[in-house]
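The values are calculated or read from the model by the stated rules, or taken from the named source; none is laboratory data. Source: prediction; values computed, not measured. Counting neighbours? That spans all protein chains shown, and the Cβs are built from the backbone with ideal geometry, glycine included. Surface areas here come from the heavy atoms of the whole protein model, side chains and all, with no ligands, DNA or RNA. Shrake-Rupley method; radii C 1.70, N 1.55, O 1.52, S 1.80 Å.
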Amino acid sequence: MEMIRLSLEMVFHPAEAFRYMQKDRSRFNYVPAVILLLLAFVVRTVSIYITHFPLAELDPRDANIGLELIKLYAPLLTWVIASYAMTSILDGESLLREGLLATAYALVPYILLTIPVNLLSHIMENSQSGLYNGIQIIITGWVLLLLFMSIQVMNQYSLKKTTLVCALSVGVVLLIWATIALFFAISSQFINFIEEVIIEIRLRLLE
């Protein structure tokens, strides 16, 4: 019941919801965060298959569920890590687990509205794609605003400092992604080099 109450608070009184998450740290529970993150993935998966085809951004036949999982969770989890790193450096008060919980609850508008909007797409024509995309942008903007508010409220920052922390956090997120991409690129090159060396050794042994 507390999870439902907090979800409603997130829609109507988000600042109070974020304060409540820090009220009694000894009662912290990861379960709501896990449930909300799983619900977000379920909503994303269902939306791929129920959106009216002319307005869909992805053909269900081309959908890769594993890729969709990465596309959803990679930005969220790297944001949690990056924002915690920045708030720790800049006199923040929130803990990593609280950042994860706040991020999960920030997805409530996405969880609640995405499927109804997808169903609404079935009564829309191609000419109304702008309206449909506009609603999607509003939902995304709402989630981003909640993430911004979570940083401000849970760390008692001013608007200016919150903006700075969020901008730095985005930079750290991009740095993390770039580092991971570089690691995989170097690993691939190294594996190719080892394979070429093995092939060369085999050819010389056969001579």
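Of all complete DSSP H helices in the chain, those with a Cα span along the helix axis of 30 Å or greater and a mean Kyte-Doolittle hydropathy of 0.0 or more are 65-89, 129-155, 159-206. Given the alternatives (1) 18.6; (2) 19.6; (3) 17.6, Kirkwood radius over Cα pairs in Å as computed for this entry is given by (2).
Is the C-alpha gyration tensor of segment 88-207 telling us rounded, prolate or oblate? Criteria: a/c under 1.5 is rounded; beyond that, a/b larger than b/c is prolate, otherwise oblate. Judged from the Cα gyration tensor, segment 88-207 comes out oblate (a/c at least 1.5, b/c at or above a/b). Averaging Cα coordinates gives a centre for segment 71-135 and one for segment 172-207; these two points are 35 Å apart.
Spacing of the modelled spin labels on I198 and A181, each 7 Å from Cα toward Cβ, amounts to 2.9 nm.
For segment 140-207, the per residue solvent-accessible surface stands at 73 Å², with DNA, RNA and ligands left out and a 1.4 Å probe. Note: relative contact order over the chain, using C-alpha pairs below 8 Å and six or more positions apart, is 28 percent.
For the peptides 61-71, 131-141, 100-110, 152-162, residues were scored by their other Cβ atoms within 10 Å and the scores averaged per peptide; the highest-first order is 100-110, 152-162, 131-141, 61-71.
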